[in-house]
Each structure stands twice: as C-alpha cells, then as structure tokens.
C-alpha cells in the first residue's frame, strides 16, 4: 500500500500553527544519507552524523538526520534534525541578519567610519588615512586580520587587539600591510571582523550581542537557539548535540581511534574562559552581571558560537526567501536582504585582489577558488563555475567549519530553493579525500546530495 508523500507536522510555535513538509524528493534521499553516515565505501571520510533540511519553491520538502548526538556511559543517543549544534561560521550570517536592523533604523551607515560606532578609533596603522567601514568589515575587505587568536575572556577588552604595546596587539598582526592590502582593496576572511560587528551591536543597542540577536530574530520566531549554550540547559542540555573527531582534536587524526568530544560534550563552557560544567548542572551566569556592554563582544563567539539545528535555520531561510517574513512575523526588511546579497568584492585574476581559500591560509588545491564573490557576510557561488550545472546557477549563503562540524547554508532567492546541512563529526582528516570542486570532499558529497534532492542536478 502506498501513501502520498505529504506529511503534516504540528509545531509548538504559536506563530507557526503548521509546518508543512511538501512533496519529498523522488529518490531515496534518506537511504543516501544513511549510506553517507554508515557505509564506508560510499563516503570520503567517516562522519558522526548529518542533519539536512531542503526547501523547494519556498516550502520545506525534506528534513532528516542520521548518526549520533552524544556518547554517554550507556551508549550513543541518535541525532535528530532538532538537535542544536555549534554551527561555526554560519553564525556570522545570522548575526548579520540582526545587525542589518541597525542599518534599517538609520543607526549605522554601511559606508561610515566604524570608529564612531564602537567607541574608539580603529585605523590600520599601515593605512592611517583610510577609514574602515561596516561594509568593509562585513565583506572581509577591512584589512583586519585574525593573527593567532581573535577572542578574549570575560575580563578582556577587545580594543586591546588594536592598541600598540599591548599583550593582545601581537606586533600589529591584526592589521594587513603591503601594496593594495588596505581597507576595501583585498579580501581575506577574518573572524575578528565579527568581534567588531558585535561591538557595534552592543554599543548602539545597549545589549550584549547574544541578547540582541535573541530579541531581534530568535524570540519573534519562537526559536530556542542561542550564542550562549548555557541558555539551553533544560533537561540536562538534552537538545544540544556534541561535535566529534577521531584523534586528539584534529591535530593528529586516528581513524581507528575512539570518537573524541570536541565541543558540547559531557562538559560544556558557557563562553570563553568560563568554568566548565557538566550536563547535569544548572549554569551559574551571575558573573555576567559584571560585564560592561561593548567591552568584549568576542565573549560569545559572534564568529562561530551559535547553537542551532538545521530545522531551526530553515525558519531563517524561509524568511530570506519571503522578503524577510515567516507567517505574520517580519524579522528583517527586504531591503536588508538585498543589501546582504549584493556583491561587495569579486576576485580579479589580474589584480590578485584576494585570498580565495577562506580560512585555509595556504592557497592549496583544496581551497583555491572557494571564495570569489562576497556580499555582506554572504558567500556567493555559481554552480556552473564549480562544474555542477551547465547554466549559471547562483546560490547565496555561508559555510561553517570548526571542531568537526562541516556546515552549509545555501539559498536561491529566484527559485526559493535552499538547503541546510550539518556534518557533526569527522573520522579522518577531511583534506585527504579527492574532490572535484573547491570544497572538502565530504562537503562536496553533502552538497551534491542536497542539490540532487532539489532537482538542481541529476
């Protein structure tokens, strides 16, 4: 007996009485995902788990997860599409969605001097006469660099990254130098850029960065997600999944060894430098009462610390595909979405005006050509340039990679299609496997599955 592929799921969100799974893909995508997680000959590296949500014509058509969420003394717990994971750099994109409300409200001029928004003068000492703007920062053409680290604990002050003769200045390594490397000239992906964006948010809103995004986006959509993992402590952090690697944490891989917890395991840390707690403890966040707004907006990892599930992010994507609105809830303006998607930087082969490998600072075969167009915290790719389609097909979104996670968030505003996918653990060095596009082989395999499910490729 066959059943129509239409499933109706009732969510608890009062503003979304119905969450409809429309017609699913016409091939067994669930089996393909199962094989990618469990069937060694069919995958480029062993993975701990995979979440995937697909949107077609503005409707969710597929949501599924396979693998493990956590390891306990009683065994493993299965990963679901609702488990929150640390989504790495896709956090930047989400922060920018909230940040754009400040632009809409006229509080931020994207082409103004960032110094007036953060409360101190920020200049690259190698280009002292050139202002750094919010647009530069969001598009990674600010001339700001990560150096060896880009985050501080509760007592830190992030302006110390930029003040000479300070322990965090690192001999000026947080600033680019050299010909044609000044503000607006050259693309280099930098996490510290988003500490600055978070600083603007805090200075202008009077709220901690994590609380501002919650107010502007998460609460209106009824989403229980956060840049502070300790907001998710209910039921012993039951909703939070662990990220894994086999080995000692990525420096030395051991495919035959046990899965090693990387983030959000049986102990967790609420923010940089906070005491670790186990999953049965109720967090004590009273120390945050001493936090001075705007002093250290890197505290909650604006560049990578959001905990959310693929299903959670599907609501943000639905808003992006519907002029900023989900149901009757408007979380951002259509103008802001268009500004985010408008290219600010594009690679020019003659000018050599950017590093196209993202965070892989050695321009190797894996990384070269990965980032060639960028908007406001928005990675822009053409599937034709990657050899995946015969005709030009532009996708917008962001990648995330850290602690064993490989995340993808891609959408097409013309067709209203999109995919969200999170690999939640890696069994071996992902650089080792062969690939055909400027992503890791496991990312390529996941992307192709999603595109096949959306009927963008065969």
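Would you be able to say whether some residue in the range 416-433 is within 22 Å of residue 339 (Cα to Cα), more than 21 Å from the chain's Cα centre (by Cα) and at pLDDT 95 or above?
Just the residues of the range 416-433 that are within 22 Å of residue 339 (Cα to Cα), to begin with: 416-420.
Retained after the next criterion (residues that are more than 21 Å from the chain's Cα centre (by Cα)): none.
Looking through the range 416-433, none of the residues is within 22 Å of residue 339 (Cα to Cα), more than 21 Å from the chain's Cα centre (by Cα) and at pLDDT 95 or above.
Can you tell me which residues in the range 160-178 are buried (at least 19 other Cβ atoms within 10 Å of the Cβ) and within 23 Å of residue 290 (Cα to Cα)? Step through it out loud before you land on a result.
Quick first cut of the range 160-178, residues buried (at least 19 other Cβ atoms within 10 Å of the Cβ) only: 161-162, 174-176.
Answer for the range 160-178, where residues must be buried (at least 19 other Cβ atoms within 10 Å of the Cβ) and within 23 Å of residue 290 (Cα to Cα): just 161.
With 92, 181, 107 as the choices, which residue is surrounded by 15 or more Cβ atoms within 10 Å (Cβ to Cβ) and part of a loop (DSSP other than H, G, I, E, B)?
Only one candidate qualifies: 181.
For the range 42-63, which residues satisfy the criterion of being buried (at least 19 other Cβ atoms within 10 Å of the Cβ) and within 19 Å of residue 315 (Cα to Cα)?
Correct list: 50, 51, 52, 53, 54, 55, 56, 60, 61, 62, 63.
Could you tell me how many of the residues in the range 184-204 are closer than 21 Å to residue 113 by Cβ, outside any helix (DSSP H, G or I) and within 16 Å of the chain's Cα centre (by Cα)?
Of the residues in the range 184-204, 1 are closer than 21 Å to residue 113 by Cβ, outside any helix (DSSP H, G or I) and within 16 Å of the chain's Cα centre (by Cα).
Would you tally the residues in the range 216-252 being part of a loop (DSSP other than H, G, I, E, B), modelled with pLDDT under 95 and in contact with a strand residue (DSSP E or B) (Cβ under 6 Å, 6 or more places away or on another chain)?
Matching residues across the range 216-252 total 0.
Name every residue in the range 217-230 that is more than 18 Å from the chain's Cα centre (by Cα) and touching a residue at least 12 places away in the same chain (Cβ under 8 Å), in order of residue number.
Listed by number, the residues that qualify are 220, 221, 222, 230.
For the range 158-177, give me each residue that is farther than 17 Å from residue 296 by Cα and touching a residue at least 12 places away in the same chain (Cβ under 8 Å).
Filtering the range 158-177 for residues farther than 17 Å from residue 296 by Cα gives 164-165, 170-173, 175-177.
Scanning the range 158-177 gives 164, 170, 172, 173, 175, 176, 177.
If you go through the range 242-252 one residue at a time, how many are more than 27 Å from residue 156 (Cβ to Cβ) and exposed (fewer than 15 other Cβ atoms within 10 Å of the Cβ)?
Residues flagged as more than 27 Å from residue 156 (Cβ to Cβ) and exposed (fewer than 15 other Cβ atoms within 10 Å of the Cβ) within the range 242-252 amount to 2.
So which residues in the range 431-445 are assigned to a loop (DSSP other than H, G, I, E, B) and closer than 10 Å to residue 45 by Cβ?
Once the filter is applied, which keeps residues that are assigned to a loop (DSSP other than H, G, I, E, B) and closer than 10 Å to residue 45 by Cβ, the range 431-445 yields 431, 432, 433, 440.
Consider residue 207 carefully, then state whether it is under 18 Å from the mean Cα position of the chain (by Cα), in a loop (DSSP other than H, G, I, E, B), touching a residue at least 12 places away in the same chain (Cβ under 8 Å) and surrounded by fewer than 22 Cβ atoms within 10 Å (Cβ to Cβ).
Taking the combined requirement at face value, the residue does not satisfy it.
Condition test on residue 137, is it assigned to a helix (DSSP H, G or I), crowded, with 16+ Cβ neighbours inside 10 Å and at pLDDT 95 or above?
When the stated conditions are applied, residue 137 passes them.
Out of the residues in the range 20-31 that are surrounded by 19 or more Cβ atoms within 10 Å (Cβ to Cβ) and modelled with pLDDT under 95, state the one that is nearest to residue 455 (Cα to Cα).
This residue is 25.
Give me the residue from the range 422-437 that is surrounded by 22 or more Cβ atoms within 10 Å (Cβ to Cβ) and touching a helix residue (DSSP H, G or I) at 6+ places or on another chain (Cβ under 9 Å) and, out of that set, nearest to residue 92 (Cα to Cα).
For the range 422-437, the residue satisfying everything is 422.
What strands (runs of 3 or more DSSP E), lying completely within the range 253-322, carry at least 3 residues that are more than 17 Å from the chain's Cα centre (by Cα), at pLDDT 95 or above and surrounded by 15 or more Cβ atoms within 10 Å (Cβ to Cβ)?
Answer list for the range 253-322: 259-263.
Could you tell me whether residue 227 is surrounded by 21 or more Cβ atoms within 10 Å (Cβ to Cβ) and under 23 Å from residue 422 (Cβ atoms)? Walk me through how you get there before you give the answer.
Values: surrounded by 21 or more Cβ atoms within 10 Å (Cβ to Cβ): yes; under 23 Å from residue 422 (Cβ atoms): yes.
For residue 227, the condition - surrounded by 21 or more Cβ atoms within 10 Å (Cβ to Cβ) and under 23 Å from residue 422 (Cβ atoms) - is met.
Considering only residues of the range 372-415 that are assigned to a loop (DSSP other than H, G, I, E, B) and surrounded by 21 or more Cβ atoms within 10 Å (Cβ to Cβ), which is farthest from the chain's Cα centre (by Cα)?
Taking the range 372-415 first, the residues assigned to a loop (DSSP other than H, G, I, E, B) are 372, 375-378, 383-393, 403-404, 413-415.
Still in the running and surrounded by 21 or more Cβ atoms within 10 Å (Cβ to Cβ): 372, 376-378, 383, 403-404.
On the way: 372: 18, 376: 14, 377: 10, 378: 10, 383: 20, 403: 13, 404: 13 Å.
Among residues in the range 372-415 that are assigned to a loop (DSSP other than H, G, I, E, B) and surrounded by 21 or more Cβ atoms within 10 Å (Cβ to Cβ), the one farthest from the chain's Cα centre (by Cα) is 383.
Being in contact (Cβ under 8 Å) with a residue 24 or more places away in the chain, in a loop (DSSP other than H, G, I, E, B) and out of contact with any strand residue (DSSP E or B) (no Cβ under 9 Å at 6 or more places or on another chain), is that true of even one residue in the range 53-74?
No, because not a single residue in the range 53-74 is in contact (Cβ under 8 Å) with a residue 24 or more places away in the chain, in a loop (DSSP other than H, G, I, E, B) and out of contact with any strand residue (DSSP E or B) (no Cβ under 9 Å at 6 or more places or on another chain).
Output the number of residues of the range 193-209 satisfying the condition of being in contact with a strand residue (DSSP E or B) (Cβ under 6 Å, 6 or more places away or on another chain) and closer than 15 Å to residue 97 by Cα.
Qualifying residue count for the region: 0.
Specify the residue that is modelled with the lowest pLDDT; the eligible residues are those in the range 351-365 that are surrounded by 15 or more Cβ atoms within 10 Å (Cβ to Cβ) and within 20 Å of the chain's Cα centre (by Cα). Break it down into steps so the answer makes sense when it comes.
So the first thing to find is which residues in the range 351-365 are surrounded by 15 or more Cβ atoms within 10 Å (Cβ to Cβ), and the list is 353-360.
Next cut, within 20 Å of the chain's Cα centre (by Cα) only: 355-360.
On the way: 355: 93, 356: 94, 357: 90, 358: 87, 359: 79, 360: 63.
Among those residues, the one meeting the criterion is 360.
So is residue 130 under 21 Å from residue 373 (Cβ atoms) and surrounded by 15 or more Cβ atoms within 10 Å (Cβ to Cβ) or not?
Taking the combined requirement at face value, the residue does not satisfy it.
The values are calculated or read from the model by the stated rules, or taken from the named source; none is laboratory data. Everything numeric here is computed off the predicted structure, so don't read it as measured data. Note that each Cβ is placed from the backbone with ideal geometry, even for glycine, and that neighbours are counted across all protein chains shown.
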